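First up is the structure itself, then whatever we jot down about it.
Derivation of every value follows stated rules applied to the coordinates shown; laboratory data play no part. Given the structure is predicted, the values throughout are model-derived calculations rather than measurements. Backbone-built Cβ (ideal geometry, glycine too); neighbour counts: all protein chains shown.
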Amino acid sequence: MDGLIRAGNIRRDAAGVLSKAGISQPSLEADRIICHLLRWDRASLHAHPERLIGRRDAGLVMDLAARRASGEPLAYIIGFSLFMGRKFSVGNTLIPRPETEILTSIADECIKKSPRPGVLADWCTGSGCIAITLAADNPDWTVYAVDSSRDALRTASVNCLSHNVSERVVFVECESPDASAQIIGDGALDFVVSNPPYIPTSVIDTLEKQVRDYEPRAALDGGADGLDVCRLLLRELPRLMKDGAALLMETGGAGQVTALAGLSRGSERGLKFVRSFKDHRGIDRFMLWIK
């Protein structure tokens, strides 16, 4: 047994490092690190703590645990995040949140009520988790995945291939809806969903370390009040939408919902605010408009 360590022991040691650093679920995260590195499943790890690991692999487990203890998000360490039951690479993109799963579920419900297949766009697509999930679950729809970051679109493209929807997802690199008009076309979209940057600039430095220091700032920073990109979308997206098309957007919460609802009351904007939806904590977060 020289040079070998029991799996249960390395799991205990890794969890101890994470616990000391204040990680909220140290045993679970230690399991995920070990299973990712050694390509084991968690049930096997728990059922066979006597299983032996080489010292090199044990050292790598502890190196990854140290990275996590320093604040680096687990999703970046293991290279992927789970979103609505699917794996998505997130190396240089925002890590999907549970709130965005709710946004995607609401979008899916709206799309499935449509009497015919259509065209949808996911604005600020990042890893592509929304666009790819909706494409996979609505195979008759065409999807545009739009982002201003070329690196994010490369990651989304990899995810698209992984989930076998490449033939129906078109990637668009642009800064604004107006800039995408030549590709998407005026009046082409039946549905738009967006999780834009919406955190006020002054708030970003107060966020927890794993967000503030590791996630892409451009995917977080919404300007002075957090609404710069939201305002841009409300102003320019109607050009690309059919009459009767819907826009569903994630926001930072009730204050932003109130502000954006007020912005869209003018008929000249082309969008009528219909309603908001609550997140899992009961906070008004998601907004629906109709053109």
Exposure proxy check: Tyr76, Tyr144, Tyr214 ranked by fewest other beta carbons within 10 Å? Tyr214, Tyr76, Tyr144
Please determine, in degrees from 0 to 90 and to the nearest 10, the orientation of helix 150-162 with respect to the longest principal axis defined by the Cα atoms of the chain, where the helix direction is its Cα long axis. 70 degrees
Hey, what did the range 83-290 get for relative contact order, percent, Cα under 8 Å, at least 6 apart? 19 percent
Tell me, Arg168, Arg55 in order of fewest to most beta-carbon neighbours within 10 Å? Arg55, Arg168
Explain nothing, just the number: dipole magnitude of the range 4-70 about its Cα centre with +1 on each Lys and Arg Cβ and -1 on each Asp and Glu Cβ, in debye rounded to the nearest 20. 80 debye
So if each residue of separation counts as 0.36 nm, and I subtract the Cα-Cα distance between His280 and Leu263, what length gain in nm does that give? 3.5 nm
Farthest toward the dipole's positive end in the chain, which of Gly128, Ala259, Ser70, given Cβ charges of +1 (Lys, Arg) and -1 (Asp, Glu) about the Cα centre? Ser70
Under 5 Å, built H, 5+ apart or other chain: amide partners of Thr125: Val146, Asp147
So the angle from the long Cα axis of helix 254-263 to the longest Cα principal axis of the chain, reported in degrees to the nearest 10, equals 20 degrees
To the nearest 20 Debye, how big is the dipole of the chain about its Cα centre, given +1 on the beta carbon of each Lys and Arg and -1 on that of each Asp and Glu? 600 debye
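Over 27 Å between C-alpha atoms is what I'm after, so list which of Lys209/Lys272; Lys113/Lys291; Lys87/Lys242; Lys113/Lys272 land there.
The pairs that break the limit, which is 27 Å between Cα atoms, are Lys209/Lys272; Lys87/Lys242.
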Roughly speaking, what is the stretch gain from Ser24 to Ala179, that is 0.36 nm per residue apart minus the C-alpha to C-alpha distance, in nm to one decimal? 51.5 nm
Charge dipole of the chain built from unit charges on the beta carbon (Lys, Arg +1; Asp, Glu -1), centred at mean Cα; most positive-end Cα among Ile199, Ala188, Leu103 is Leu103
Please give the helix 55-69 orientation as an angle from the longest Cα principal axis of the chain, in degrees from 0 to 90, rounded to the nearest 10. 40 degrees
Net charge, Ala181 excluded, C-beta distance under 10 Å - Lys, Arg +1, Asp, Glu -1: -2
